[in-house]
Amino acid sequence: QVQLVESGGGLVQAGGSLRLSCAASGLTFSSYSMGWFRQAPGKEREFVAVIRRSGSSTYYADSVKGRFTISRDNGKNTVYLQMNSLKPEDTAVYYCAASPTFSSRTYEYDYWGRGTQVTVSS
């Protein structure tokens with residue numbers, strides 16, 4: 001079965017950095033665009049970033065543009081999210097997901113991980 005397992009979350013001070021990883025198994029990883037989403041308490045899940053199957057294109061939410069970088073290693077079936085200049089408003093559970101299309105819409109994603117908590121203190 002398909003599994004997406006996130007790691008790398010934690011507690012960091014404002015202005016700090018974290019690198020999230022998402023290891024995929026049970027699917028042909030290079031056939032899927034991979035996205036990162038996040039959900040803060042009491043809020044809806046929101047799009048953060050997406051990367052094409054080949055890694056040739058990326059797209060970011062305005063709120064993270066210039067601070068976050070998504071990348072992938074198809075040889076390792078892993079997608080990454082480098083998060084710099086973190087702000088308290090970045091606090092959320094971060095999820096990776098797989099989609100057959102290059103999309104920012106949650107409903108176009110077929111598979112989801114369980115998430116990793118990121119907490120940014122002020």
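What follows is calculated from the coordinates using simple rules that are stated; it is not laboratory data. All values reported here derive from a predicted model rather than from experimental measurement. Counting neighbours? That spans all protein chains shown, and the Cβs are built from the backbone with ideal geometry, glycine included.
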Fill in the blank from the handout: Here the percent of antiparallel bridges among DSSP beta bridges lying wholly in the chain, to the nearest 5, is 90 percent
Handout entry: Compactness of segment 25-87 as Cα Rg over 2.2 N^0.38 Å, two decimals
Key = 1.18
Handout entry: 14 Å beta-carbon shell around GLY35, net charge (K/R +1, D/E -1)
Key = +2
Handout entry: Along the chain, longest interval not containing exposed trypsin sites (Lys or Arg not before Pro), exposed being DSSP loop plus at most 14 other Cβ atoms within 10 Å
Key = 1-42
Problem - Sites matching GluC sites (Glu not before Pro) across segment 17-122 that sit in DSSP coil, with at most 14 neighbouring C-beta atoms within 10 Å - result: GLU44
